[in-house]
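Here's the structure, in structure tokens; my notes come after.
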């Protein structure tokens, strides 16, 4: 949890803002901006910030169409790489119009169970929204959150956690 | 006499009053538990033979007194003395204790009693004695079916605990939890129930589908939980006496994080749709569904105050997971957690004065309590991972689960139940036959 220190500063800043501005909307924006800075800071091996960029766990819906996208801690914002993956999935689904899919949203083990169920649902919906903007009808997509219940990597380290924060596109038929 | 009781209560309460720090208190063992002698319940030859036939226990009087001893010891407030030092025979002690003898082994309180077989039932009488004053404090007799013998031990403990501490006990209770087996990536989870002391463990589901977060109805033997039956995560209602179950409400998406209202008539839970989780209630009698929160953030882990007027819950509307309190109609939402870190799983104490929570700060997880306005935050225990506190029905003890860190190969994972006293003392692992998580404490089964 290298990020936790940065988050605390965020929170201090938020509390001060709260007092000064008394404007919740502004605070939410400030907080998104700050955490975006935090995640784009460093790149190391298979992770950028704390988003997984490797291919160890990735499977393919078809040749060149990865089945999953990854997220930063506590985030459901799609990265540039995630959007590229989802555009490939959308192109594949447009060509194969009979395929329906389930988007399975997951969280890492470093959060409370119930919040993680909600977070998994939010992540899968981020992927769903993006697929829909690329022409995939919502009635071909269902969403299923597993929270932290189905990790792909059983490790207790930042790399394992980054692999587990994911939304996986699974063919339903 | 009255002064003496006061002194005893004073002795028990003093340690809890010397805490009030905001930091985690990890110093243990200052507590001075009350020395108590549990004389084996006496039993006549005929009753003994009858119970041996029915229950396959050589001496049911001994067995019941063992349950009482274990309960008292586990509470951390009592120190049951070694029976080898007892001078008086159980049957005579129950008639009239020789207080000098008990005083000699430093017992301050003494429990005596008698079990007998009457009309195919188990009749028990017991007495609690104040050794220093030489007086009887409690005398009670009751009759039950012989198979209830373990509960007899728990009920006696509850009476003793209540007389000596002034608080209701929590021993004649059960715990529902999720039993876990298999590798971390393919965990098999079943609902399980056991007595508070770990006896009578039973599995309630087969493990064919993922089940999570069972919670007791505070007024009956009903349970609400989350099941992935047919891969549709939904809140279910289960009657643990009959085994019948049903889906709660008709929601077009995942429902989760269920809990009962204090009167047991409603279920409060989250419903997730289009990336947004909101809190809803459903009335179990008229099936009316009400939406309580209305915010684009995640709103989950709701828990009612014991008077039903307020709800505490978990929301990330500030950008991060924090604890909020609102009126039960969803109005007057107010953030109450302002310490460093993230806060989750708020649960209102049955006494009404505290909210227990999980906190994540700098990569560590804490179980803590705060007042209902967020003041007086006190962290009870720190670990690599732990969450989901559930209160004992008297609001004195918290049970939660803890997971271990895996090694470099991703092995060595385990999940266990733990309990801790509200003061931060007396942290104990609660033994379960398999790995375990998501514990929920029942109300007292009797009285």
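Annotations
- In the stretch A:133-173, the qualifying residues are those that are in contact with a helix residue (DSSP H, G or I) (Cβ under 7 Å, 6 or more places away or on another chain) and without any contact (Cβ under 8 Å) to a residue 40 or more places away in the chain, and the one that is nearest to residue A:88 (Cα to Cα) is A:138.
- Exclusive hit being out of contact with any strand residue (DSSP E or B) (no Cβ under 8 Å at 6 or more places or on another chain), within 11 Å of another protein chain (Cβ to nearest Cβ) and under 20 Å from residue B:274 (Cα atoms), set A:138, A:154, A:142: A:138
- Given (1) within 14 Å of chain A (Cβ to nearest Cβ); (2) within 25 Å of the chain's Cα centre (by Cα), index of the condition residue B:228 fails: (2)
- Filtered by the rule that a residue be surrounded by fewer than 24 Cβ atoms within 10 Å (Cβ to Cβ) and within 11 Å of chain B (Cβ to nearest Cβ), the stretch A:89-107 gives A:102, A:104.
- Just one of (1) under 15 Å from the mean Cα position of the chain (by Cα); (2) under 30 Å from residue B:278 (Cβ atoms); (3) away from every other protein chain (no Cβ under 14 Å); (4) surrounded by fewer than 23 Cβ atoms within 10 Å (Cβ to Cβ) fails for residue A:58. It is (2).
- Test: residue in the stretch B:367-378 that is in contact with a strand residue (DSSP E or B) (Cβ under 7 Å, 6 or more places away or on another chain), within 14 Å of chain A (Cβ to nearest Cβ) and either within 20 Å of residue B:308 (Cβ to Cβ) or buried (at least 21 other Cβ atoms within 10 Å of the Cβ) (or both): yes
- Meets criteria (assigned to a loop (DSSP other than H, G, I, E, B), surrounded by 17 or more Cβ atoms within 10 Å (Cβ to Cβ) and in the same structural domain as residue B:282 (by TED's automatic domain parsing)) for residue B:330: yes
- Of the strands (runs of 3 or more DSSP E) lying entirely inside the stretch B:392-447, the ones with 1 or more residues being within 14 Å of chain A (Cβ to nearest Cβ) are found at B:397-403, B:415-421, B:435-441.
The values are calculated or read from the model by the stated rules, or taken from the named source; none is laboratory data. Here the structure is a predicted model, which is why all the values come from computation and not from measurement. Cβ atoms come from the backbone with ideal geometry, glycine included; neighbour counts cover every protein chain shown.
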